[in-house]
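Structure, as structure tokens:
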Amino acid sequence: MITDAIRDEKVLKFKVDYNDVRPQFRALESETDEQKLNAAENRQALLHPARMRQIAHYILNNFRRKTHRLQVGGQGFNAMFAVSSIEAAKAYYEALHALQKEPEYATKPLTIATIFSFAANEEQGSVGEISDESFDLSAMQSSAKEFLSAAIADYNAHFKTNFSVDSNGFQNYYRDLAKRVIAKEVDLLIVVGMFLTGFDAPTLNTLFVDKNLRYHGLIQAYSRTNRIYNATKTFGNIVTFRDLEQATIDAITLFGDKNTRNVVLEKSYKEYMQGFTDLVSGEARRGFMDVVSELAQRFPEPDALVLEKDKRDFVKLFGEYLRIEHVLQNYDEFASLKALQTIDPSDAQALAAFQAEHHVSDEDLVALQAMRMPSARMLQDYRSTYNDIRDWLRREKSAEETASSTLDWDDVVFEVDLLRSQEINLDYILELIFEQNKKNKSKEELIEEVRRLLRASLGNRAKESLIVDFINQTNLDEIGDKATIIDAFFTFAQGEQAREAAELIRAEGLNEEAAQRYIAVSLKREYASENGTDLNATLPKMSPLNPQYKIKKQRVFQKISAFVEKFKGVGGQM
């Protein structure tokens, strides 16, 4: 039973968005009568190009947020899109590919694939089973087979493979596609019935649905998303473009009791914002707005914390903020709230555009504007202080201080995975430098802003001095575009890397060849290791029995570790 599996923490809950922001199609999307839905005119209406384009836009606009791809390096998850028929699969496949040629999507296009084997329709069995699809394509209509051949050809061109629609070729395509979905090489997989049952990929966290799922089939399809993976994946993310709310409740109730809904489904946006009591555990959980309010009241200047108790209290409170915000990022309402923070409240035109894009009424806009959110700069300060305290506790606090501490830090958990899930990458920071310099900011102002951003970044804070040196030693006015500033930084950084490596080797009297080899390997794997004999080989000749040997080895290791943190990811040859 899914309820038992969730209680035993073997699988995750589901969060379901019932996306109905297409007013002209709302009545049809809310229809539940199978006979009416299968009427030719309604089937055709659901395939209306305007409707499909709106949904395709939504998927492309929200894909990276839903799958947590906004974090550094593009990590995160991938998604499936369950549609009602081969005709729908073809229409969506073509609509998504066409949109990705437009400038706003062309820079980071998704890798999209599809698979099906027969013309499945809306009809399902009495408990809503999703019919099995075979590998026999002989009964498929020629137009469907032509489309599938074209989609597989796209796949072959992208992955340098050679699959086809003949029996063996199609089975091999299925197997290869499954492997690439699991490996996150395919971002979005459009399916009719295949892969909705029996396929497990922990890397999948989102299912988009334009298909009238019911009962057992609904639970099976949803369950493609709720396999446990890591701390970033907190639930299976479902986005339905039809009104499946009652169908979801009916399916969940069929497999449990009156409390099953509370076990299987995530809480609503309103509950996370305002707080709730978990009906299963009885635990009271306060809302996001209460946490934001306490942060503002208790820690208006987080970088000024001195007392250990204040540091501990801040870490616990900001950790609570990160956990709730991490969940809320998956809610479209929260995305709208965050988007509003970037708009000048006096700009009527920008506000009107925001309302149109996010389908926000005048009344809802007033309510959103009344919510007090921390500014982007304050969030940077919170993250910077959070990282500073983590470093202080882990590295800088001496054994004597720990021994004399009257506070227990054992119950404090640093939400490192959640910080990484919101990490900004180096290219973004460099592009920001370019943009801010164009605004004629002084180097002092620019450096101050960049320092704040870097200290809030878990992955780039070690590069602070490197980036500041780049700003000070570069004529930014001569750089014409964002691509050029990125190239200029990496050229500068690689020169500094070679210079500092040579200086480190000289200052410590290291074996040059062995030290260069060890540093190069450490840069490649992005961390220095004390395991093995590679580190020992870098040291000058000295007996391991010499009391200074251990001190020397530890000092060299710490220096190389800091060097690797500073220069990892900048490339170049040692």
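Relative to the longest principal axis of the Cα atoms of the chain, helix 288-298 runs at roughly 20 degrees. What FRET efficiency do you get for Glu530 and Val21 if R0 is 41 Å and r is their Cβ-Cβ distance, rounded to the nearest 0.05? Plugging the Cβ-Cβ distance into 1/(1 + (r/R0)^6) gives 0.15. The overall shape of the range 244-374, judged from the alpha-carbon gyration tensor, is oblate: a/c is not under 1.5, and a/b is no greater than b/c. Sorted on the mean count of surrounding Cβ atoms within 10 Å across their residues, most packed first, peptides 27-40, 499-512 read 499-512, 27-40. Greater than 31 Å separation of Cα atoms is the criterion. Which listed pairs, Lys233/Lys441; Lys101/Lys160; Lys309/Lys552, meet it? Violating the 31 Å Cα-Cα cut-off are Lys233/Lys441; Lys309/Lys552. Rounded to the nearest 10 degrees, the angle from helix 167-182 to the longest Cα principal axis of the chain is 50 degrees. Residues in the range 438-455 carry Karplus couplings, in order, of 5, 7, 6, 6, 5, 4, 5, 5, 4, 5, 4, 5, 5, 4, 4, 5, 5, 5 Hz; the curve used is 6.51 cos²θ - 1.76 cosθ + 1.60 with θ = phi - 60°, and Gly or Pro positions show x.
Evaluating 6.51 cos²θ - 1.76 cosθ + 1.60 at θ = phi - 60° for every residue in the range 192-203, the Karplus couplings come out as 9, x, 4, 6, 7, 10, x, 9, 10, 9, x, 6 Hz, glycine and proline recorded as x. For the range 262-275, 3J(HN,Hα) computed residue by residue from phi via the Karplus equation (6.51, -1.76, 1.60; θ = phi - 60°) reads 5, 7, 8, 9, 5, 5, 6, 4, 4, 5, 5, 6, 9, x Hz, glycine and proline entered as x.
Helical content alone sets the calculated 222 nm signal of the chain at -16500 deg cm²/dmol, taking -39,500 (n - 2.57) per DSSP H segment of four or more residues and averaging over every residue. With the cut-off at under 16 Å, measuring from each backbone N in the range 258-274 to a point 7 Å along the Cα-to-Cβ line of Ser30 picks out no residue. Close amide H pairs (under 5 Å, H built 1.01 Å from N) link Asp17 with Ile238, Val239, Thr240, residues at least 5 positions away or on another chain. The chymotrypsin sites (Phe, Trp or Tyr not before Pro) of the range 185-270 include none that meets both conditions, a loop assignment by DSSP and at most 10 other Cβ atoms within 10 Å of the site Cβ.
Axis angle, to the nearest 10 degrees, between helix 464-473 and the longest C-alpha principal axis of the chain: 80 degrees. For Phe81, the residues 5 or more places off, or on other chains, whose built amide H falls under 5 Å of its own are Leu189, Ile190, Val191, Phe208. Determine, at each q value in 0.10, 0.16, 0.26, 0.27 (inverse angstroms), the log₁₀ of I(q)/I(0) that the Debye formula gives when each Cα of the range 486-571 is one equal point scatterer. These q points yield log10 I(q)/I(0) values of -0.25, -0.59, -1.38, -1.46. Dipole size of the chain about its Cα centre, with +1 on Lys/Arg Cβ and -1 on Asp/Glu Cβ: approximately 1480 debye, rounded to the nearest 20.
Rule-based calculations on the coordinates, nothing more; no lab input. Treat the numbers as computed from the prediction; the structure is a model and nothing was measured. For neighbour counting, all protein chains shown are included, and Cβ atoms are generated from backbone atoms with ideal geometry for every residue, glycine included.
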